[in-house]
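A short worksheet on the structure shown next.
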Ligand code: FES
């Protein structure tokens, strides 16, 4: 893939994240949690969940990525800065990533973002990582419900006085793209 094509794909994904994060229902003052699902095990678990007609909490908004290794810290922070109250990454089990170690990168990046959030006074539990097998619909649902509960128990994320927006404005996040 050429550099231009990579850049275009990143821009497209960023636009999707911004649109997804801003998808709150103003009428119900609903919270938004942006969930990054890998297209392999997490998507298969999501599919099985849908086939079983099990609904996820209404707060969950999904963004599909080829592998959790594609989720940079900047994407997580962008979702928080653009309207999400929480973010999480769901991928394959530790030794079952279809790109070998993408989920290990994701685990490290989520931990990095948690530390970054904490350093600016934002609850680190707003960003989490889950792994699951393709057949593990119960684990997929449990992850969504857990994030819904965590975010429902927290106040809405305030952006005007700091938080993730301040992190991005301070120029910290862009440098984290390749962390
Ligand atoms: Fe699922 Fe890498 S393909 S985490």
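Where a number appears in this text, it was derived from the coordinates with a stated rule and is not lab data. What you see is a predicted model, and the numbers here were worked out from it, not measured in a lab. Virtual Cβ from ideal backbone geometry, glycine too; neighbours counted across all protein chains shown.
Results, tabulated for the structure shown:
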| read-out | value |
| --- | --- |
| Of 107, 54, 151, the one that fluctuates the most in a GNM where the chain has Cα springs shorter than 10 Å | 54 |
| Set of the range 52-82 residues, backbone N closer than 14 Å to the point 7 Å along the Cα-Cβ line of residue 149 | 57 |
| Rounded, prolate or oblate (a/c below 1.5 giving rounded, otherwise prolate when a/b exceeds b/c) for the range 1-156 by Cα gyration tensor | rounded |
| Tensor-based shape of the range 42-127 (alpha-carbon gyration tensor, a/c under 1.5 rounded, otherwise prolate or oblate) | oblate |
| Distance between modelled label sites at residue 158 and residue 7, nm, 7 Å Cα→Cβ extension | 3.9 |
| Measure of compaction for the range 106-155 (Cα Rg per 2.2 N^0.38 Å) | 1.27 |
| FRET efficiency, 1/(1 + (r/R0)^6) with R0 22 Å, evaluated for residue 15 and residue 39 via beta carbons | 0.75 |
| Relative exposure of 2, 72, 55, judged by other C-beta atoms within 10 Å (fewest first) | 2, 55, 72 |
| Mean-position separation - Cα centroids, the range 73-108 and the range 122-143, in angstrom | 10 |
| Full-stretch length increase - residue 58, residue 96 - with 0.36 nm per residue and alpha-carbon distance subtracted | 10.8 nm |
| Prolate/oblate/rounded label for the range 1-69 (Cα gyration tensor, a/c 1.5) | oblate |
